[in-house]
Amino acid sequence: MKIDVKIMDARLAAQLPAYATPGSAGLDLRACLDAPLTLQPNAWQLVPTGLAIHLCDPGYAGLILPRSGLGHKHGIVLGNLVGLIDSDYQGQLMVSAWNRSSVAFTIEPMERLAQLVIVPVVQAQFQVVQDFATETVRGEGGYGSTGTA
Ligand SMILES: O=c1ccn([C@H]2C[C@H](O)[C@@H](COP(=O)(O)OP(=O)(O)OP(=O)(O)O)O2)c(=O)[nH]1
Ligand SMILES: [Mg+2]
């Protein structure tokens, strides 16, 4: 699949967006900062990535996810938990970097901060009904209704 991308930070010209390995699902997004950014415990800040994409087709969306290493080892995750990129969004991809740890963390300029995954999406058409056409085994049961073992 081909996606139009705008490079909004000259430093990315040497590091064009590319998947790290042939099997990578996520494309690493870099922190396009002018200077190191220290996030105090529980602080968060919007970080530009230097990239804008236009997915164009409503059958796709982008998800911005944390990088596992940063999240697990340093508590650097996302202020919005997951970023959703609409197919009609044409602005710069932004990462809400949140330090959920109890230790300050410094993000270095151009460090890989988060990752972008392109996923298929179904835009459903909703039809209002009084009752669903078929009754399922689960029915209205949820939230542990199948037991704990
Ligand atoms: O981590 C993120 C999340 C969103 N966006 C951009 C792309 C997305 O298409 C747009 C709007 O995001 P969303 O719909 O999640 O936010 P909202 O608060 O509902 O804003 P809006 O009223 O603009 O839809 O912001 C990012 O750059 N990074
Ligand atoms: Mg929205």
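The values are calculated or read from the model by the stated rules, or taken from the named source; none is laboratory data. Predicted model only: the values in this text are computed from it and were never measured. Reconstructed Cβ throughout: ideal geometry from the backbone, glycine too, with neighbour counts over all protein chains shown. What goes into the accessible areas is simple: the full protein's heavy atoms, side chains included, and nothing from ligands, DNA or RNA. Shrake-Rupley method; radii C 1.70, N 1.55, O 1.52, S 1.80 Å.
A few notes on this one:
- Among the residues here, Ser24 qualifies as outside any strand (DSSP E or B), under 15 Å from the mean Cα position of the chain (by Cα) and of a type outside the set (Phe, Trp, Tyr).
- Members of segment 61-80 that are within 12 Å of ligand 1 (Cβ to nearest atom), closer than 18 Å to Pro17 by Cα and open to solvent by 30 Å² or more (accessible area, probe 1.4 Å): Leu63, Leu65, Pro66
- Consider segment 81-94 and keep the residues that are under 9 Å from the mean Cα position of the chain (by Cα), over 10 Å from Leu55 (Cβ atoms) and within 6 Å of ligand 1 (Cβ to nearest atom). The one that is most open to solvent (accessible area, probe 1.4 Å) is Leu84.
- If you go through segment 31-50 and keep only what is open to solvent by less than 90 Å² (accessible area, probe 1.4 Å), within 14 Å of Ile76 (Cβ to Cβ) and of a type in the set (A, V, I, L, M, F, W, C), you end up with Ala31, Leu33, Leu37, Leu39, Ala43, Val47.
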